[in-house]
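Read the structure below first, then the notes.
The values are calculated or read from the model by the stated rules, or taken from the named source; none is laboratory data. None of these values were measured; they are calculated from a predicted model. As a convention, Cβ positions derive from the backbone with ideal geometry for all residues, glycine included, and neighbour counts pool all protein chains shown.
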Amino acid sequence: MKDIIQVMPAVALRGMTILPDMIVHFDVSRSKSKKAVERAMTTNQKLFVVTQRDPDIEDPDKEELYTAGTIVNIKQMTKLQHGLIRVLVDSVERAELIDLLENDEFLEAEVSTLNNDNDLEDLPEECIEAMLRGLKDTFQQYSKAHGKINKDLTRQLLEQDDLEKLMNVIPVHALIKWQKMQQILEVSKLSEKYEQILFVLNNEIEVLQIKRELEEKV
């Protein structure tokens with residue numbers, strides 16, 4: 001569901017997708033991106049971040065960006081060597097890219113906030129409980145297969161009893177590629193998000209198992 005339309009500075013991310021509820025940093029080197037960050041810092045510190053379809057494109061237009069992105073709050077900006085700027089952000093909510101406005105200095109985006117479509121609220125409690133257990137079991141299998149997920153973090157996630165909150169935090173802490181994070185970001189219906197997360201985790205488990213078997217053969 002679409003909500004309020006806003007105009008704000010935007011940064012096109014290369015090889016990275018930011019989900020809601022993430023606190024993360026990224027580096028910007030392009031002039032337009034640095035100026036967008038600086039403009040956000042002088043206004044309300046809000047920035048729209050959206051991923052490029054092709055990370056190699058230097059100056060992407062609207063068609064070369066994904067539709068779904070994230071509105072973030074800039075927490076800190078640090079200037080590094082070689083003209084780089086490191087930005088620490090706290091992601092707030094999903095948003096849809098409506099249009100890029102004419103601006104020679106930096107990317108300026110017209111965006112519409114996106115709310116999750118809670119199509120699970122009418123399901124029986126037993127069904128929600130079954131989905132919750134299924135998601136926990138799958139994440140636990142993924143955590144064991146990966147081997148690099150913090151055990152304390154895994155335990156904390158498995159203690160979560162709210163299905164929607166668990167669906168929000170698992171993709172944030174799972175060590176998955178940005179393309180798969182983008183697929184999760186684009187889903188609005190909670191039932192479809194649940195299925196997408198399970199699909200991604202099960203696919204990762206299968207790939208990790210095949211990798212282990214190949215390493216054992218070698």
### Task
Consider I205 carefully, then state whether it is touching a Pro at 6+ places or on another chain (Cβ under 9 Å), on the phi < 0 side of the Ramachandran plot and at pLDDT 90 or above.
no
### In region 113-131, the residues that are under 21 Å from the mean Cα position of the chain (by Cα) and either in a helix (DSSP H, G or I) or among the polar types (S, T, N, Q) (or both)
T113, N115, N116, N118
### Query
Looking at I205, I197, which is the one that is under 22 Å from the mean Cα position of the chain (by Cα) and within 29 Å of V50 (Cβ to Cβ)?
I197
### Message
I'm checking my understanding of the structure. Among residues of region 1-45 that are of a type in the set (G, A, S) and part of a strand (DSSP E or B), which one is nearest to D104 (Cα to Cα)?
### Response
A10
### Query
Got a sec? Which of E110, E93 is closer than 22 Å to I176 by Cβ and either in a strand (DSSP E or B) or polar (S, T, N, Q) (or both)?
E93
### Message
Any residue at all in region 173-183 that's in a helix (DSSP H, G or I), closer than 29 Å to A12 by Cβ and among the charged types (D, E, K, R)?
### Response
yes
#### Entry: Residue that is surrounded by the most Cβ atoms within 10 Å (Cβ to Cβ), among those in region 97-112 that are within 16 Å of V49 (Cβ to Cβ) and of a type in the set (D, E, K, R)
E108
#### Entry: Hits in region 41-57 (condition: modelled with pLDDT under 95 and touching a Leu at 6+ places or on another chain (Cβ under 7 Å))
none
